[in-house]
Amino acid sequence: MIAKPSRALHLPHARDARDAQFELVEAQLLSPPIRSFPELSLSQAFRRQWHSTHAAIEEGDQDSECLEYYFIQQLPTKGSQVFSLDGTSWLQPAAKTRPDWQYVYSPTKMFISRSIGIGQPYSALAWAPERHSSWAPSVSVRRVPSD
């Protein structure tokens, strides 16, 4: 089973603000509905002080290659493993300064009334640990460039 990030991922690259990012995500997942950013920082799951929430968001760049490597190392090495490869898109019709805009398909009509919008496509590789289950943790998520 994949270990919980904030308590098991104590690698040289995951320090300070990056660690705080994992704790913020964990606090959001373990808390009742959060109505504000200060309320999130006061969650029992977030063990840091208020100023760490801002550092986590502004300075907490993750080393995605190292995390991807770590996640893959958690997978079982015995027996057959099943992976799924899927694509998704992040619609951003109002982000006029976002680089590499593309016309992308979206199965939901969240932002516009059509299924095609402006945004960025992503590919996701997930590991399926159990048969007949929709739960599959992603081991790699990458933005698909237009070139």
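Computed values, structure above
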read-out	value
Filtered residue count, segment 65-99, keeping only those that are farther than 26 Å from Trp135 by Cβ and surrounded by 11 or more Cβ atoms within 10 Å (Cβ to Cβ)	4
Sole residue being in contact (Cβ under 8 Å) with a residue 40 or more places away in the chain and out of contact with any Ser or Thr (no Cβ under 7 Å at 6 or more places or on another chain), chosen from Gln62, Gln92	Gln62
The one condition in (1) part of a strand (DSSP E or B); (2) at pLDDT below 80; (3) not aliphatic (A, V, I, L, M) that Gly87 fails to fulfil	(2)
All positions within segment 37-92 that are of a type in the set (Gly, Ala, Ser) and farther than 13 Å from Val141 by Cα	Ser41, Ser43, Ala45, Ser52, Ala55, Ala56, Gly60, Gly79, Ser80
Residue pairs meeting the criteria (Cβ under 6 Å; at least 6 apart or on separate chains; first under 10 Å from Leu24 (Cα atoms), in segment 34-55; second of a type in the set (Val, Ile, Thr) and in a loop (DSSP other than H, G, I, E, B))	Leu40/Ile34
Test set (1) polar (S, T, N, Q); (2) in a strand (DSSP E or B); (3) more than 30 Å from Pro107 (Cα to Cα) - Thr53 fails condition number	(2)
Candidate set from segment 12-34 (those that are farther than 20 Å from Tyr69 by Cα and not in a helix (DSSP H, G or I)); member that is modelled with the lowest pLDDT	Ile34
Residue within segment 119-140 that is modelled with pLDDT under 85 and in a strand (DSSP E or B) present	no
Output for segment 56-84, where each listed residue is of a type in the set (S, T, N, Q), part of a loop (DSSP other than H, G, I, E, B) and under 18 Å from the mean Cα position of the chain (by Cα)	Gln62, Gln74
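The values are calculated or read from the model by the stated rules, or taken from the named source; none is laboratory data. On a predicted model such as this, the values are computed, not experimentally measured, just so you know. Glycine also receives a Cβ, built like all others from the backbone with ideal geometry; neighbour counts cover every protein chain displayed.
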